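A short worksheet on the structure shown next.
The values are calculated or read from the model by the stated rules, or taken from the named source; none is laboratory data. Quick caveat: nothing in here was measured; it's all calculated off a predicted structure. Please note: Cβ atoms are built from the backbone with ideal geometry, for glycine as well, and neighbour counts cover all protein chains shown.
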Amino acid sequence: MKHTISVIVENKPGVLSRVAGLFARRGFNIESLAVGVTDDPSVSRMTIVAEGDERDLEQITKQLHKLIDTLKVFDIPRELSAERELALIKVAVNEKNRGEITQIVEIFRARIIDVAEDSMTVEITGEESKVEGIIKLLRRFGIKEMVRGGKIALQRGGAE
């Protein structure tokens, strides 16, 4: 089962390395990792997506709490979260398919951020299923390059 874990840490050099090392030592693969400074420049938020059962999640959470720079750790249940992912996709284009690709981009409410003679770069932001959907449709034209940012998530409403 996939778990989205939010880790609030001090914004210091080496913290990311220690958190990633903890997952590696426990044999957990990090599927997605996004890190950024919060409204407080001395604090960063890590959003980590990893596969494991409830017992695994409990062990990781306990270990994360033991790290000296960790301020807070919590699981973000999917039904209580607002989640987004970002992808940039460079797709092969020609005179015949440029219009069709543009229509797909519009349907997904994505944006074309770069156009060249033989390629177009698309930016999409949304839930994982939306990002997967546009990638699936663009594959038939030929994806030249692609990069996906890690999932970011916050609990909905007044929850912290």
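Some observations on this one:
- Answer from V115, V131 - the residue that is β-branched (V, I, T) and within 22 Å of L154 (Cα to Cα): V131
- Members of the range 127-151 found to be modelled with pLDDT of 95 or more and either surrounded by 16 or more Cβ atoms within 10 Å (Cβ to Cβ) or among the hydrophobic types (A, V, I, L, M, F, W, C) (or both), listed by number: K130, V131, G133, I134, I135, L137, L138, F141, I143, M146, V147
- When L57, L22, L33 are screened for being in contact with a strand residue (DSSP E or B) (Cβ under 6 Å, 6 or more places away or on another chain), touching a residue at least 40 places away in the same chain (Cβ under 8 Å), assigned to a helix (DSSP H, G or I) and surrounded by 12 or more Cβ atoms within 10 Å (Cβ to Cβ), only L57 passes.
- Any hit, the range 86-97, residues being surrounded by 14 or more Cβ atoms within 10 Å (Cβ to Cβ), touching a strand residue (DSSP E or B) at 6+ places or on another chain (Cβ under 9 Å) and either modelled with pLDDT under 95 or of a type in the set (D, E) (or both): no
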